[in-house]
Amino acid sequence: MPITFQDLNLNKALLQALEDLEYEFPTPIQDKSFSVVMSGANVIGIAQTGTGKTFAYLLPILRMLTYSSQRHPRVLILAPTHELTIQILEEVQKLTKYTSIRSLAVFGGGNINKQKQSVYDGCDVVVATPGRLMDLVMDGMLSLKSIQKLVIDEVDEMLSLGFKPQIVSILEKIPEKRQNLMFSATLSPDIQNLIDTFFPVVQLIEVAPHGTPLDQIIQQAYHVPNFNTKVNLLSNLLTRNDELAKVLIFVGTKKLADRLFETMELKLPGIFAVIHSNKAHNTRLNALDKFESGEIRALIATDVMARGMDIQEVTHVINFDLPQQSSDYIHRIGRTGRADRRGVAISFINEMEREFQHHIETLMDKTIPMFPIPESVEISMIFGADEKPEFKGNVNYLKAPTSKGGLAFHSKSAKNSKVNLGGPGKQMRDAKKSKGKKSHRRG
Ligand code: AMP
């Protein structure tokens, strides 16, 4: 059974906050860290951004933080940049919305008088960049004598930005009896040195980099005009290619997830399940279990729901729609493959989504190879409101070749004009052949 947040020793306020966020499953770093941090141990967590590392330290810390009206903070979170302090503060506030825990951020560049006032008003959790924190401490505005938990986030970044002297000064000002938590993408000799000097007894928690590196994922896409044609193409791929054995299908909304599930259930009964936050807790676990064990072949999921899910050996990710956020695309496709094997990500892109395709390709600095829709796939002329090409009513549109660069929807007649990339099956086989070749890791 997959672990859910309900299985962790959280309280009602935190569970409610997580439910509001629609987060159901702890990510691997959250799962691994929770009991260790709760035990009071010093921890160095090796995890990259995007793995859920912020909640990995916030959840146990906030779980342990009791009510207090005292002015001086009890939790100090150090981060290297202004942006990250704001981001962490937002995460703290998402989790504390049902509690009276007070939190604030102080960072260089922000209005120091305002920050002085907020600090003076009192807080429980302070998120800070080291320089500004020291300014406030030296001014006598902020006392660190009540700090019980110290978090240093992105330690690697902190050291490479030259913050070590400030960190050392801060360590001298906070009580010796405290818990130390550090998070970093790598464990460099500099970090090891910092740990050896200041935190001799530290537990190491490491998680694999989030998802499969970009260059190990075979990306493919089809320009598909509308929902019905996407459904036809999905059925076609699943029917003619049994290499699509464990398929994670992403959609942007719960409504679309349900609609797709109901449609596919009629076309290819018994091989699909759907998972999103409106489904009952047990239904979700059941679906995930069946997918994990291979009882069903395809799982339809929304972005939020899928983020925390740890599913092994997904052979294919299908983007039934393209996400507006390019980073969501990277997260989605990173769910396929394994450390030693390539995965395949296939995107279905309608007219409206081509703009997102452009942004994604810019972000990756890579174009996604396009494939013609197979001849046997029926192209529907029924368009939803969010699928209509701007020049609606042009019946020749589907068959018209584009003049500049971009591909038109692949009609049957357009098929033969496309470069033969070998189709998904061939690419997969080629990838297997090249398996073992050295590739660079992302991040
Ligand atoms: P981080 O690695 O801490 O920067 O987190 C990356 C993103 O994942 C943030 O937007 C978090 O709010 C989100 N997130 C964290 N934990 C979970 C979870 N268990 N399920 C879904 N999303 C999560």
### Query
Where does the charge balance sit around residue 197 when Lys and Arg score +1, Asp and Glu -1, over other residues with C-beta under 13 Å from its C-beta?
-2
### Message
Tell me which trypsin sites (Lys or Arg not before Pro) from segment 139-187 have a DSSP coil assignment and no more than 13 other beta carbons within 10 Å of their own.
### Response
145, 177
### Query
For segment 217-364, what is the accessible area per residue in Å² when the probe is 1.4 Å?
37 Å²
### Message
Quick check for me: using +1 on Lys/Arg Cβ and -1 on Asp/Glu Cβ, what's the dipole size of segment 5-206 about its Cα centre, in debye to the nearest 20?
### Response
800 debye
### Query
At a 1.4 Å probe, what is the % contribution of carbon and sulfur to the accessible area of the chain?
50 percent
### Query
Roughly how big is segment 89-229's charge dipole about its Cα centre, with Cβ charges of +1 (Lys, Arg) and -1 (Asp, Glu), in debye to the nearest 20?
620 debye
### Task
State whether the chain is rounded, prolate or oblate according to the following rule on the C-alpha gyration tensor (a ≥ b ≥ c being the square roots of its eigenvalues): a/c under 1.5 gives rounded; otherwise a/b larger than b/c gives prolate, and the remaining case gives oblate.
prolate
### Summary
Placing each pseudo-label 7 Å from Cα in the direction of the beta carbon, residue 366 and residue 327 end up separated by a distance in nanometres of 1.9 nm
### Query
Can you work out ³J(HN,Hα) from phi for every residue in segment 104-121, in order, using Karplus 6.51 cos²θ - 1.76 cosθ + 1.60 and θ = phi - 60°, giving whole Hz and x for Gly and Pro?
8, 10, 10, 7, x, x, x, 5, 5, 5, 4, 5, 4, 4, 5, 4, 4, 5
### Message
Give the separation of the Cα centroids, segment 179-223 to segment 321-391, in Å.
### Response
29 Å
### Message
7 Å from Cα along Cα→Cβ at both residue 242 and residue 118: what's the point-to-point distance in nm?
### Response
6.0 nm
### Summary
Only helices counted: for the chain, with every DSSP H run of 4 or more residues adding -39500 (n - 2.57) and the sum spread over all residues, [θ] at 222 nm is -11500 deg cm²/dmol
### Query
Taking +1 at the Cβ of each Lys and Arg and -1 at the Cβ of each Asp and Glu, which of 234, 77, 188 sits farthest along the dipole of the chain towards its positive end, judged by Cα position relative to the Cα centre?
234
#### Entry: Angle in degrees between helix 423-433 and the longest Cα principal axis of the chain, rounded to the nearest 10
60 degrees
### Query
In Å, what is the Rg of the alpha-carbon atoms in segment 5-206, and how long is Dmax?
15.8, 45
### Summary
To the nearest Å², the heavy-atom accessible area per residue of segment 5-206 with 1.4 Å probe amounts to 43 Å²
### Message
When a/c reaches 1.5 or more, the comparison of a/b and b/c decides; with that in mind, is segment 217-364 rounded, prolate or oblate per its Cα gyration tensor?
### Response
rounded
### Query
If packing is taken as the mean number of other Cβ atoms within 10 Å per residue, what is the order of 343-356, 110-123, 234-247, 83-96, highest first?
343-356, 83-96, 234-247, 110-123
### Task
Please go through the residue pairs 114/254; 94/246; 114/145; 114/255; 32/116 and name each one whose alpha carbons sit more than 32 Å apart in this structure.
114/254; 94/246; 114/255; 32/116
### Task
Please give the length that would be gained between residue 278 and residue 265 if that part of the chain were fully extended, namely 0.36 nm times their separation in residues minus their C-alpha to C-alpha distance (nm, one decimal).
2.8 nm
#### Entry: Positive minus negative residues near residue 70 (Lys, Arg vs Asp, Glu; Cβ under 13 Å)
+2
### Task
Net charge near residue 181: determine it from the other residues with C-beta under 12 Å of the C-beta of residue 181, scoring Lys and Arg +1 and Asp and Glu -1.
+2
### Task
Relative to the longest principal axis of the C-alpha atoms of the chain, give the angle of the C-alpha long axis of helix 28-38, reported between 0 and 90° and rounded to the nearest 10°.
20 degrees
### Query
Under the Kirkwood approximation applied to all pairs of distinct alpha-carbon atoms, what is the hydrodynamic radius of segment 1-111 in Å?
14.9 Å
### Query
By how many degrees, between 0 and 90 and to the nearest 10, does the Cα long axis of helix 53-64 differ from the longest principal axis of the chain?
50 degrees
### Query
Under a plain spin-label model, where a point goes 7 Å from the Cα along Cα-to-Cβ, how far apart in nm are residue 190 and residue 169?
1.9 nm
### Task
Distance from a point 7 Å along Cα→Cβ of residue 6 to each backbone N in segment 27-71: keep the residues under 19 Å and list them by number.
27, 31
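The values are calculated or read from the model by the stated rules, or taken from the named source; none is laboratory data. Since this is a predicted model, take the numbers as computed values, not measurements. Backbone-built Cβ (ideal geometry, glycine too); neighbour counts: all protein chains shown. Areas reflect the complete protein model, heavy atoms only, side chains present, ligands, DNA and RNA absent. Shrake-Rupley method; radii C 1.70, N 1.55, O 1.52, S 1.80 Å.
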